[in-house]
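To start, the structure under review is shown below, and the notes come after it.
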Amino acid sequence: MGSRVGRVVGAVDPALGLLAAIGFVSQVGISVMLPLLPLYATELGAPPIVLGLLTSAFAVTNAFGQLGAGFLSERWGARRLMTAGLALYGTMNALIATAATAAWLLTWRTTAGFGGGAMIVSERIYLAQSIVPARRAFANGIISAAQSAGTVMGPAFGGFAAAIGGLRAPFVIVAITSAVALVGSLFLPSRGRATTTAEDNGEPDEPIRVGALTALLVANLALLASYGGFITTYAPLATTELGWSIVEVGIAFSFFGAGSILLGPALAHLADRIGRQPVAIVSPIAVAAFGLGLVIGLPQPAIYGLAVLAGGGLTAFSASWYALLADTASERRLGRTFGIINALSTLGIVAGSIAAAELWTRVDIVAGMMVGVIAPFVAGAAMLAYRPRPEPSTA
C-alpha cells in the first residue's frame, strides 16, 4: 500500500506541492477573517443592507475576476494572473484593516473580489496546463484538500487574533498570508503559459463542445446552489430546530473539512482510474445525505459522520469536474472556457441562497434546507448528460 501511494505521489508534477501550499496558506487567511467580517462591519456602523452587499457585491466582482482571468491568461499566462490576483486580494484586505467607515469597508471588500476571482481561476488553469491529463483529477483533489485544511485551521486562529488584537487584526493576517502565497507563486515553474490561437499557426481550431460544456455548467451551478441554500439555513436550523450550540455548529464544519482532507484525494485518484464522469455522478449523493440528515434530525454522531462523507464527496466532485472541464475545453480556449464556466457557475450560489430564503419565509426553515438536499441530485443528473470527447478514428 505504501509503495502504491509513493508511486502515485511520485508521478505527480513537483509544482503540485507548491501549488497546494499556496492554496493552504491563502485559505487560512480567507477563513481567518470571513466569519468575523459581519462583526467588523457592525462595529463600523454598517446597517443590514451593507451586510448583504458585502456578500453579494463580492460575489459579483469575484465572477468578473474569474471571467477576466480566463481571457487574460491566454495572453499573459496563468501564473502571472495568479500572482496578480494574490497581490490585489492582499492589498485590499490590508486596506480593509484601515477602514474608518462601513462605506470604505464595502469598497475595499468589493474590489478584493476581482483579485479573489482571478486567483481561483488562474490556479486551476495553471494546474490543467502543468499536470499530465491522466492525473488531473488527483491533482485537483490535492488542491481542494489543502484548501480545506486551511479552512479548518483558519477560524480558530482568527478568533484568537481578534481576541488579542481586535477585529482589524484578522484582516492584517489575510494581507500577510496573501503576501506569503504571492511569493510562493513566483517560484512556480513557467508552465501555465499563454496559449496560441488558430490564427497564429494556421491550423483549424477545434469545434466548441457546447453540449458537454452545458452539462458541466449545469452540474456546477446546481452544486453551488446547494451550497448557497445550505449556508443560508444551516446554522439557524441546527440551533433552533436541533438545539445545537454555536460550538457544535462549528464542529460539523470541522468534520466536513476532515472528510475533504482524508477522503478527497483518494476519491480523486479513483476518478482518474475508473472514470471521472461516474465519480462526478455519484459523489453529490454524499452532499445530499448530509443535508437530509439535518432535515430529519439524526443524532449528532451520525450527522458528523455524514459530514465527513460529504466533505470527501464534494472534493471528489470538484476534482472530477475540473479535470473534465480541462478535457472538454480545447487547448487554445482553455483560459476563456475556465473563466466563462466558473463565472457563470457562481450564479448558483445566488440562486440557491434566494431559493432557500424564499422557502424559509413562505414555508419553514426545513423547506429552505431542502435546496441543499435536492440540488446535489440535479448536479449528478446533469453529469449523466455529459458526453466525453470522442476517441480519434484509427481507420
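Scanning the range 156-171 for residues that are in contact with a helix residue (DSSP H, G or I) (Cβ under 7 Å, 6 or more places away or on another chain) and either open to solvent by 60 Å² or more (accessible area, probe 1.4 Å) or among the hydrophobic types (A, V, I, L, M, F, W, C) (or both) gives Phe157, Ala161, Ala162, Leu167, Ala169, Phe171. Of all residues in the range 252-272, those that are closer than 30 Å to Ala367 by Cβ and touching a Phe, Trp or Tyr at 6+ places or on another chain (Cβ under 7 Å) total 2.
In the set Ala139, Ala134, only one residue is open to solvent by less than 40 Å² (accessible area, probe 1.4 Å), in a helix (DSSP H, G or I), on the phi < 0 side of the Ramachandran plot and touching a helix residue (DSSP H, G or I) at 6+ places or on another chain (Cβ under 9 Å); that residue is Ala139. If you go through the range 1-40 and keep only what is open to solvent by 30 Å² or more (accessible area, probe 1.4 Å), modelled with pLDDT under 80 and of a type in the set (Val, Ile, Thr), you end up with Val5, Val9. All of Arg332, Arg336, Arg387 fail the test of being part of a loop (DSSP other than H, G, I, E, B) and either crowded, with 22+ Cβ neighbours inside 10 Å or touching a residue at least 40 places away in the same chain (Cβ under 8 Å) (or both), apart from Arg387. For first residues located in the range 20-46 and touching a residue at least 12 places away in the same chain (Cβ under 8 Å), partners that are open to solvent by 10 Å² or more (accessible area, probe 1.4 Å) and of a type in the set (Asp, Glu) and lie 6+ apart or on another chain with Cβ distances below 8 Å form the pairs Ile22/Glu123; Gly23/Glu123.
Here is a yes/no grid of residues against (1) buried (at least 17 other Cβ atoms within 10 Å of the Cβ); (2) within 30 Å of Gly52 (Cβ to Cβ); (3) among the aromatic types (Phe, Trp, Tyr):
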{"position": "Tyr227", "(1), (2), (3)": "yes, yes, yes"}
{"position": "Thr240", "(1), (2), (3)": "no, yes, no"}
{"position": "Val249", "(1), (2), (3)": "no, yes, no"}
{"position": "Leu267", "(1), (2), (3)": "yes, no, no"}
{"position": "Val279", "(1), (2), (3)": "yes, no, no"}
{"position": "Ala288", "(1), (2), (3)": "yes, yes, no"}
{"position": "Leu294", "(1), (2), (3)": "yes, yes, no"}
{"position": "Ser318", "(1), (2), (3)": "yes, yes, no"}
{"position": "Trp321", "(1), (2), (3)": "yes, yes, yes"}
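Among the conditions (1) free of Cβ contacts under 8 Å to residues at least 60 places away in the same chain; (2) touching a helix residue (DSSP H, G or I) at 6+ places or on another chain (Cβ under 9 Å); (3) farther than 29 Å from Pro265 by Cβ; (4) not in a loop (DSSP other than H, G, I, E, B), the only one that Ile49 does not satisfy is (2). Taking the conditions exactly as written (under 18 Å from Ala128 (Cβ atoms), open to solvent by 10 Å² or more (accessible area, probe 1.4 Å) and among the hydrophobic types (A, V, I, L, M, F, W, C)), does Leu325 satisfy them or not? No: the conditions fail for Leu325. For Thr151, the criteria (1) out of contact with any Asp or Glu (no Cβ under 8 Å at 6 or more places or on another chain); (2) modelled with pLDDT of 90 or more; (3) β-branched (Val, Ile, Thr) hold in every case but one, which is (2). Of all residues in the range 167-189, those that are under 15 Å from Ala20 (Cβ atoms) have Cβ atoms under 7 Å from Cβ atoms of residues that are of a type in the set (Val, Ile, Thr), 6 or more apart or on another chain, in Thr177/Val25; Thr177/Val28; Val180/Val25; Ala181/Ile22; Ala181/Val25; Gly184/Ile22; Ser185/Ile22; Ser185/Thr83.
Looking only at the range 351-375, which residues are among the polar types (S, T, N, Q) and more than 10 Å from Ala225 (Cβ to Cβ)?
Thr361, the sole residue that qualifies.
The set of residues from the range 69-102 being in a helix (DSSP H, G or I), open to solvent by 30 Å² or more (accessible area, probe 1.4 Å) and not aliphatic (A, V, I, L, M) comprises Phe71, Arg75, Trp76, Arg79, Arg80, Thr91.
The values are calculated or read from the model by the stated rules, or taken from the named source; none is laboratory data. All values derive from a computational prediction rather than experimental measurement. Heads up, the Cβs are rebuilt from the backbone with ideal geometry, glycines too, and the neighbour counts pull from every protein chain shown. For accessibility, only protein heavy atoms count, side chains too; no ligands or nucleic acids. Shrake-Rupley method; radii C 1.70, N 1.55, O 1.52, S 1.80 Å.
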